[in-house]
Amino acid sequence: MKFSDIIGQSVLVNSLKRAVEEDKVANGYIFCGPKGCGKKLTAFVFASALNCKGADREKPCEVCSSCIKFINGNHPNIEIVKPTGATIKIKQMRDIISEVSKTSLEAGFKVIIIDNAEKMTHEAQDAFLKTLEEPPQNTVFLLLTENQHSLLPTIVSRCQVYNIKRISNNDMERYLKNHYKLDEDKVKLATAHSNGIIGRAVQILQDNDYINERNLYIKTIKMLFEGNYNEASMLVSDIAASREAAEGYTDFALSWFRDIMVLWEAPDAADDIVKNIDMLDELENIKGSLTKWKLYKIIDIIKDTLKQIKQNVSFKNSLECMILNILEVSNGKDSWGKV
Ligand SMILES: [Zn+2]
(Lines give C-alpha, C1' and ligand atoms only; values in the text may rest on other atoms or scores of the structure.)
Protein backbone atom coordinates (compact mmCIF):
# COMPACT_ATOMS: atom_id res chain seq x y z
CA MET A 1 0.00 0.00 0.00
CA LYS A 2 1.24 3.45 -0.92
CA PHE A 3 0.23 7.00 -0.13
CA SER A 4 -1.60 7.09 -3.47
CA ASP A 5 -3.97 4.40 -2.11
CA ILE A 6 -5.26 6.90 0.45
CA ILE A 7 -8.11 8.54 -1.45
CA GLY A 8 -9.29 12.13 -1.08
CA GLN A 9 -7.05 13.12 1.87
CA SER A 10 -4.51 15.37 0.19
CA VAL A 11 -3.79 17.59 3.22
CA LEU A 12 -3.12 14.62 5.46
CA VAL A 13 -1.11 12.71 2.85
CA ASN A 14 1.06 15.69 1.90
CA SER A 15 1.77 16.43 5.51
CA LEU A 16 2.80 12.84 6.33
CA LYS A 17 4.90 12.60 3.17
CA ARG A 18 6.67 15.83 4.10
CA ALA A 19 7.36 14.55 7.61
CA VAL A 20 9.06 11.48 6.11
CA GLU A 21 10.99 13.41 3.45
CA GLU A 22 12.23 16.10 5.80
CA ASP A 23 12.73 13.69 8.67
CA LYS A 24 10.58 15.89 10.91
CA VAL A 25 8.48 13.30 12.62
CA ALA A 26 6.33 14.04 15.67
CA ASN A 27 6.05 11.57 18.54
CA GLY A 28 2.31 11.33 18.42
CA TYR A 29 -0.34 11.48 15.72
CA ILE A 30 -4.10 11.16 16.04
CA PHE A 31 -6.06 9.94 13.02
CA CYS A 32 -9.70 10.60 13.72
CA GLY A 33 -12.70 9.52 11.67
CA PRO A 34 -15.63 7.12 11.45
CA LYS A 35 -15.26 3.36 11.15
CA GLY A 36 -14.11 2.33 7.68
CA CYS A 37 -12.69 5.73 6.67
CA GLY A 38 -9.11 4.50 6.27
CA LYS A 39 -7.41 5.20 9.61
CA LYS A 40 -5.60 1.85 9.68
CA LEU A 41 -4.57 2.09 6.05
CA THR A 42 -3.13 5.55 6.71
CA ALA A 43 -1.28 4.30 9.79
CA PHE A 44 0.24 1.33 7.92
CA VAL A 45 1.34 3.42 4.93
CA PHE A 46 2.92 6.01 7.22
CA ALA A 47 4.64 3.32 9.31
CA SER A 48 5.98 1.66 6.11
CA ALA A 49 7.21 4.99 4.77
CA LEU A 50 8.99 5.81 8.04
CA ASN A 51 10.91 2.54 7.82
CA CYS A 52 11.37 2.29 4.03
CA LYS A 53 14.95 1.86 2.86
CA GLY A 54 14.22 2.66 -0.77
CA ALA A 55 16.58 5.51 -1.56
CA ASP A 56 15.64 7.54 -4.65
CA ARG A 57 12.17 6.07 -4.72
CA GLU A 58 8.94 7.41 -3.34
CA LYS A 59 8.37 5.94 0.09
CA PRO A 60 6.98 3.43 0.89
CA CYS A 61 8.60 1.76 -2.13
CA GLU A 62 6.98 -1.68 -1.63
CA VAL A 63 10.17 -3.44 -2.79
CA CYS A 64 12.87 -2.87 -0.14
CA SER A 65 13.39 -5.45 2.62
CA SER A 66 11.55 -3.29 5.17
CA CYS A 67 8.52 -2.72 2.93
CA ILE A 68 8.33 -6.45 2.17
CA LYS A 69 8.22 -7.18 5.90
CA PHE A 70 5.38 -4.69 6.28
CA ILE A 71 3.49 -6.29 3.41
CA ASN A 72 3.99 -9.73 4.97
CA GLY A 73 2.89 -8.45 8.36
CA ASN A 74 6.10 -9.40 10.19
CA HIS A 75 8.01 -6.14 10.60
CA PRO A 76 9.54 -5.98 14.09
CA ASN A 77 9.12 -2.19 14.28
CA ILE A 78 5.35 -2.16 14.38
CA GLU A 79 3.15 -2.93 17.36
CA ILE A 80 -0.62 -2.71 17.57
CA VAL A 81 -2.50 -2.15 20.80
CA LYS A 82 -6.25 -2.66 20.78
CA PRO A 83 -8.99 -3.15 23.35
CA THR A 84 -9.12 -6.45 25.19
CA GLY A 85 -12.77 -6.69 26.10
CA ALA A 86 -14.30 -3.25 26.22
CA THR A 87 -11.20 -1.20 27.05
CA ILE A 88 -7.47 -0.75 26.59
CA LYS A 89 -6.15 -1.33 30.08
CA ILE A 90 -3.24 0.18 31.95
CA LYS A 91 -1.35 -3.14 31.92
CA GLN A 92 -1.44 -3.22 28.13
CA MET A 93 -0.01 0.29 28.00
CA ARG A 94 2.67 -0.52 30.60
CA ASP A 95 3.66 -3.65 28.68
CA ILE A 96 4.00 -1.80 25.41
CA ILE A 97 5.87 1.10 27.00
CA SER A 98 8.40 -1.20 28.66
CA GLU A 99 8.86 -3.12 25.44
CA VAL A 100 9.48 0.07 23.48
CA SER A 101 12.14 1.19 25.93
CA LYS A 102 13.89 -2.21 25.89
CA THR A 103 13.80 -3.28 22.28
CA SER A 104 16.92 -2.72 20.28
CA LEU A 105 15.58 -1.31 17.08
CA GLU A 106 16.00 -2.41 13.57
CA ALA A 107 16.97 0.81 11.82
CA GLY A 108 14.07 3.20 11.39
CA PHE A 109 11.15 4.04 13.61
CA LYS A 110 9.29 1.93 16.09
CA VAL A 111 5.61 2.59 15.39
CA ILE A 112 2.97 1.88 18.00
CA ILE A 113 -0.56 1.92 16.62
CA ILE A 114 -3.23 2.34 19.29
CA ASP A 115 -6.46 1.23 17.66
CA ASN A 116 -9.73 2.49 19.15
CA ALA A 117 -7.62 4.79 21.29
CA GLU A 118 -10.76 6.32 22.84
CA LYS A 119 -11.20 2.99 24.65
CA MET A 120 -8.10 3.58 26.79
CA THR A 121 -9.10 3.69 30.43
CA HIS A 122 -8.29 6.87 32.32
CA GLU A 123 -5.35 5.11 34.00
CA ALA A 124 -4.10 3.81 30.64
CA GLN A 125 -4.25 7.35 29.25
CA ASP A 126 -2.33 8.70 32.25
CA ALA A 127 0.40 6.10 31.75
CA PHE A 128 0.52 6.87 28.05
CA LEU A 129 0.68 10.60 28.68
CA LYS A 130 3.85 10.17 30.77
CA THR A 131 5.48 8.32 27.87
CA LEU A 132 4.37 10.96 25.44
CA GLU A 133 5.96 13.62 27.65
CA GLU A 134 9.32 11.81 27.53
CA PRO A 135 9.13 9.65 24.46
CA PRO A 136 11.78 7.03 23.69
CA GLN A 137 13.92 7.91 20.66
CA ASN A 138 12.66 7.11 17.17
CA THR A 139 9.30 6.02 18.46
CA VAL A 140 6.03 7.20 16.95
CA PHE A 141 2.58 6.65 18.44
CA LEU A 142 -0.36 6.60 16.05
CA LEU A 143 -3.70 6.90 17.81
CA LEU A 144 -6.69 5.81 15.75
CA THR A 145 -10.02 6.98 17.08
CA GLU A 146 -13.61 7.65 16.16
CA ASN A 147 -13.85 10.22 18.91
CA GLN A 148 -10.85 12.30 19.92
CA HIS A 149 -12.91 14.04 22.60
CA SER A 150 -12.68 10.90 24.74
CA LEU A 151 -8.92 11.41 24.94
CA LEU A 152 -7.31 13.55 27.62
CA PRO A 153 -6.81 17.09 26.27
CA THR A 154 -3.20 16.83 27.41
CA ILE A 155 -2.72 13.86 25.08
CA VAL A 156 -4.45 15.58 22.18
CA SER A 157 -2.35 18.72 22.60
CA ARG A 158 0.86 16.68 22.37
CA CYS A 159 -0.14 15.00 19.13
CA GLN A 160 -0.66 16.14 15.58
CA VAL A 161 -4.36 15.68 14.95
CA TYR A 162 -5.77 14.79 11.54
CA ASN A 163 -9.45 14.33 10.81
CA ILE A 164 -9.95 11.90 7.97
CA LYS A 165 -12.49 13.49 5.68
CA ARG A 166 -15.45 11.85 4.03
CA ILE A 167 -14.64 11.59 0.34
CA SER A 168 -16.64 13.00 -2.56
CA ASN A 169 -19.00 10.85 -4.64
CA ASN A 170 -16.75 11.34 -7.66
CA ASP A 171 -13.64 10.11 -5.83
CA MET A 172 -15.59 7.20 -4.40
CA GLU A 173 -17.01 6.11 -7.75
CA ARG A 174 -13.61 6.35 -9.41
CA TYR A 175 -12.04 4.27 -6.64
CA LEU A 176 -14.74 1.60 -6.72
CA LYS A 177 -14.67 1.35 -10.52
CA ASN A 178 -10.88 0.98 -10.51
CA HIS A 179 -10.81 -1.65 -7.77
CA TYR A 180 -13.95 -3.68 -8.39
CA LYS A 181 -15.32 -4.80 -11.73
CA LEU A 182 -18.97 -4.00 -11.16
CA ASP A 183 -21.83 -2.52 -13.06
CA GLU A 184 -22.50 1.18 -12.83
CA ASP A 185 -25.74 0.82 -10.83
CA LYS A 186 -24.14 -1.14 -8.03
CA VAL A 187 -21.26 1.34 -7.78
CA LYS A 188 -23.72 4.24 -7.65
CA LEU A 189 -25.81 2.54 -4.96
CA ALA A 190 -22.77 1.73 -2.80
CA THR A 191 -21.46 5.29 -3.24
CA ALA A 192 -24.79 6.82 -2.33
CA HIS A 193 -25.14 4.77 0.86
CA SER A 194 -21.53 5.03 1.97
CA ASN A 195 -21.68 8.55 3.43
CA GLY A 196 -18.24 9.15 1.95
CA ILE A 197 -16.67 6.27 3.85
CA ILE A 198 -14.76 3.85 1.64
CA GLY A 199 -14.96 0.90 4.07
CA ARG A 200 -18.72 1.22 4.15
CA ALA A 201 -19.02 1.31 0.36
CA VAL A 202 -16.86 -1.81 0.03
CA GLN A 203 -18.92 -3.56 2.69
CA ILE A 204 -22.13 -2.75 0.80
CA LEU A 205 -20.63 -4.10 -2.45
CA GLN A 206 -19.47 -7.32 -0.87
CA ASP A 207 -22.43 -7.91 1.36
CA ASN A 208 -25.53 -9.38 -0.25
CA ASP A 209 -27.23 -9.15 3.14
CA TYR A 210 -27.17 -5.38 2.83
CA ILE A 211 -29.09 -5.46 -0.45
CA ASN A 212 -31.60 -7.95 0.98
CA GLU A 213 -31.98 -5.90 4.12
CA ARG A 214 -32.59 -2.76 2.13
CA ASN A 215 -35.27 -4.52 0.10
CA LEU A 216 -37.04 -5.36 3.36
CA TYR A 217 -36.72 -1.76 4.55
CA ILE A 218 -38.35 -0.57 1.34
CA LYS A 219 -41.08 -3.17 1.70
CA THR A 220 -42.06 -1.79 5.13
CA ILE A 221 -42.45 1.70 3.72
CA LYS A 222 -44.51 0.49 0.79
CA MET A 223 -46.73 -1.52 3.16
CA LEU A 224 -47.27 1.53 5.30
CA PHE A 225 -48.33 3.62 2.33
CA GLU A 226 -50.65 0.87 1.16
CA GLY A 227 -52.32 1.06 4.59
CA ASN A 228 -51.03 -2.28 5.93
CA TYR A 229 -50.07 -0.99 9.33
CA ASN A 230 -50.06 -4.35 11.14
CA GLU A 231 -47.87 -6.08 8.60
CA ALA A 232 -45.50 -3.13 8.41
CA SER A 233 -45.24 -2.95 12.18
CA MET A 234 -44.51 -6.67 12.48
CA LEU A 235 -41.88 -6.60 9.79
CA VAL A 236 -40.18 -3.58 11.37
CA SER A 237 -40.00 -5.27 14.77
CA ASP A 238 -38.40 -8.31 13.07
CA ILE A 239 -35.86 -6.18 11.24
CA ALA A 240 -35.04 -3.91 14.15
CA ALA A 241 -34.33 -6.53 16.79
CA SER A 242 -31.38 -4.66 18.31
CA ARG A 243 -30.64 -1.01 18.96
CA GLU A 244 -28.03 -1.03 16.19
CA ALA A 245 -30.50 -2.55 13.72
CA ALA A 246 -33.15 -0.04 14.81
CA GLU A 247 -30.71 2.79 14.12
CA GLY A 248 -29.87 1.29 10.71
CA TYR A 249 -33.52 1.07 9.81
CA THR A 250 -34.31 4.60 10.98
CA ASP A 251 -31.28 5.94 9.11
CA PHE A 252 -32.57 4.28 5.99
CA ALA A 253 -36.07 5.69 6.46
CA LEU A 254 -34.56 9.16 6.78
CA SER A 255 -32.55 8.72 3.56
CA TRP A 256 -35.70 7.52 1.78
CA PHE A 257 -37.86 10.52 2.67
CA ARG A 258 -34.97 12.94 2.12
CA ASP A 259 -34.73 11.49 -1.38
CA ILE A 260 -38.39 12.36 -1.91
CA MET A 261 -37.65 15.87 -0.64
CA VAL A 262 -34.86 16.16 -3.25
CA LEU A 263 -37.28 15.05 -5.98
CA TRP A 264 -39.54 17.85 -4.86
CA GLU A 265 -37.10 20.63 -4.20
CA ALA A 266 -34.25 19.95 -6.63
CA PRO A 267 -35.37 17.46 -9.28
CA ASP A 268 -32.54 18.50 -11.62
CA ALA A 269 -29.97 17.43 -9.05
CA ALA A 270 -31.68 14.09 -8.33
CA ASP A 271 -29.05 12.05 -10.19
CA ASP A 272 -26.30 13.39 -7.93
CA ILE A 273 -28.11 13.65 -4.59
CA VAL A 274 -30.76 10.94 -4.41
CA LYS A 275 -29.35 8.00 -2.47
CA ASN A 276 -31.80 5.36 -3.60
CA ILE A 277 -31.29 6.27 -7.22
CA ASP A 278 -32.20 2.76 -8.40
CA MET A 279 -35.66 3.15 -6.81
CA LEU A 280 -36.83 6.32 -8.54
CA ASP A 281 -40.20 4.83 -9.53
CA GLU A 282 -41.00 3.81 -5.95
CA LEU A 283 -39.89 7.19 -4.63
CA GLU A 284 -42.08 8.99 -7.18
CA ASN A 285 -45.03 6.77 -6.22
CA ILE A 286 -44.81 7.71 -2.57
CA LYS A 287 -44.16 11.34 -3.43
CA GLY A 288 -47.44 11.28 -5.36
CA SER A 289 -49.37 10.34 -2.23
CA LEU A 290 -47.87 13.10 -0.07
CA THR A 291 -48.07 16.84 0.21
CA LYS A 292 -44.90 18.80 0.88
CA TRP A 293 -46.13 19.63 4.37
CA LYS A 294 -46.74 15.95 5.15
CA LEU A 295 -43.33 15.03 3.84
CA TYR A 296 -41.56 17.52 6.10
CA LYS A 297 -43.64 16.33 9.02
CA ILE A 298 -42.58 12.73 8.35
CA ILE A 299 -38.92 13.73 8.14
CA ASP A 300 -39.25 15.47 11.53
CA ILE A 301 -40.83 12.35 13.03
CA ILE A 302 -37.97 10.16 11.79
CA LYS A 303 -35.31 12.60 12.98
CA ASP A 304 -36.86 12.67 16.47
CA THR A 305 -36.97 8.88 16.51
CA LEU A 306 -33.33 8.64 15.53
CA LYS A 307 -32.45 11.04 18.33
CA GLN A 308 -34.41 8.95 20.84
CA ILE A 309 -32.79 5.71 19.73
CA LYS A 310 -29.36 7.28 20.16
CA GLN A 311 -30.38 8.54 23.60
CA ASN A 312 -31.15 5.03 24.82
CA VAL A 313 -34.92 5.44 24.94
CA SER A 314 -36.66 2.08 24.34
CA PHE A 315 -36.00 1.62 20.65
CA LYS A 316 -38.94 -0.74 20.20
CA ASN A 317 -41.41 1.83 21.51
CA SER A 318 -39.77 4.62 19.54
CA LEU A 319 -40.04 2.69 16.29
CA GLU A 320 -43.63 1.71 16.93
CA CYS A 321 -44.58 5.32 17.57
CA MET A 322 -42.67 6.37 14.46
CA ILE A 323 -44.60 3.99 12.23
CA LEU A 324 -47.91 4.95 13.75
CA ASN A 325 -47.18 8.63 13.38
CA ILE A 326 -46.02 8.30 9.79
CA LEU A 327 -49.23 6.43 9.04
CA GLU A 328 -51.32 9.14 10.67
CA VAL A 329 -49.56 11.88 8.78
CA SER A 330 -49.82 10.09 5.45
CA ASN A 331 -53.54 9.46 6.03
CA GLY A 332 -53.99 13.12 6.81
CA LYS A 333 -55.38 12.63 10.29
CA ASP A 334 -54.92 15.57 12.55
CA SER A 335 -53.55 13.75 15.57
CA TRP A 336 -49.84 14.17 15.97
CA GLY A 337 -48.77 11.90 18.79
CA LYS A 338 -45.44 12.99 20.20
CA VAL A 339 -42.79 10.60 18.94
ZN1 LIG B 1 10.61 0.46 0.91
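The values are calculated or read from the model by the stated rules, or taken from the named source; none is laboratory data. All figures in this text were calculated on a predicted structure; none of them were measured in a lab. Counting neighbours? That spans all protein chains shown, and the Cβs are built from the backbone with ideal geometry, glycine included.
Which one of these is at pLDDT below 85 and either aromatic (Phe, Trp, Tyr) or assigned by TED's automatic domain parsing to the domain that holds Ser10 (or both): Tyr180, Tyr175?
Exactly one residue qualifies, and that residue is Tyr180.
Starting from the stretch 213-226, keep only residues that are under 14 Å from Asp251 (Cα atoms), then list their pairs with residues that are at pLDDT below 90 and buried (at least 20 other Cβ atoms within 10 Å of the Cβ) whose Cβ atoms are within a distance under 6 Å, requiring at least 6 positions of separation or different chains.
Here the result reads none, with nothing in the stretch 213-226 linked to a residue that is at pLDDT below 90 and buried (at least 20 other Cβ atoms within 10 Å of the Cβ).
Could you check Ser237 against (1) in contact (Cβ under 8 Å) with a residue 60 or more places away in the chain; (2) farther than 26 Å from Lys316 by Cβ and say which number it fails?
(2)
Give the stretch 285-302 a look and list any residue that's touching a helix residue (DSSP H, G or I) at 6+ places or on another chain (Cβ under 7 Å) and closer than 17 Å to Ile221 by Cβ, or say none.
Ile286, Lys287, Ser289, Leu290, Lys294, Leu295, Lys297, Ile298, Ile299, Ile301, Ile302
Condition check: under 25 Å from Leu151 (Cβ atoms) and within 16 Å of the ligand (Cβ to nearest atom). Does Phe44 satisfy that?
Spelling it out, Phe44 is indeed under 25 Å from Leu151 (Cβ atoms) and within 16 Å of the ligand (Cβ to nearest atom).
Give the residue that is nearest to the ligand (Cβ to nearest atom), with candidates limited to residues of the stretch 16-41 that are part of a helix (DSSP H, G or I) and over 22 Å from the mean Cα position of the chain (by Cα).
Val20
Could you look through the stretch 53-70, keep only residues that are without any contact (Cβ under 8 Å) to a residue 40 or more places away in the chain and within 22 Å of Ile114 (Cα to Cα), and pick out the one that is nearest to the ligand (Cβ to nearest atom)?
Ranking the qualifying residues of the stretch 53-70, first place goes to Cys67.
Which residues, taken from the stretch 298-332, are surrounded by fewer than 19 Cβ atoms within 10 Å (Cβ to Cβ) and modelled with pLDDT of 95 or more?
Ile299, Asp300, Lys303, Asp304, listed by residue number.
Restricting the stretch 71-94 to residues that are assigned to a helix (DSSP H, G or I) and away from the ligand (no atom under 16 Å from the Cβ), which is surrounded by the fewest Cβ atoms within 10 Å (Cβ to Cβ)?
Applying the filter and picking the extreme gives Lys91.
Pull out all pairs, ordered by first then second residue, where Cβ-Cβ is under 7 Å, the residues are six or more apart or on different chains, the first lies in the stretch 138-157 and is at positive phi, and the second is aromatic (Phe, Trp, Tyr).
Filtered contacts from the stretch 138-157: Asn138/Phe109.
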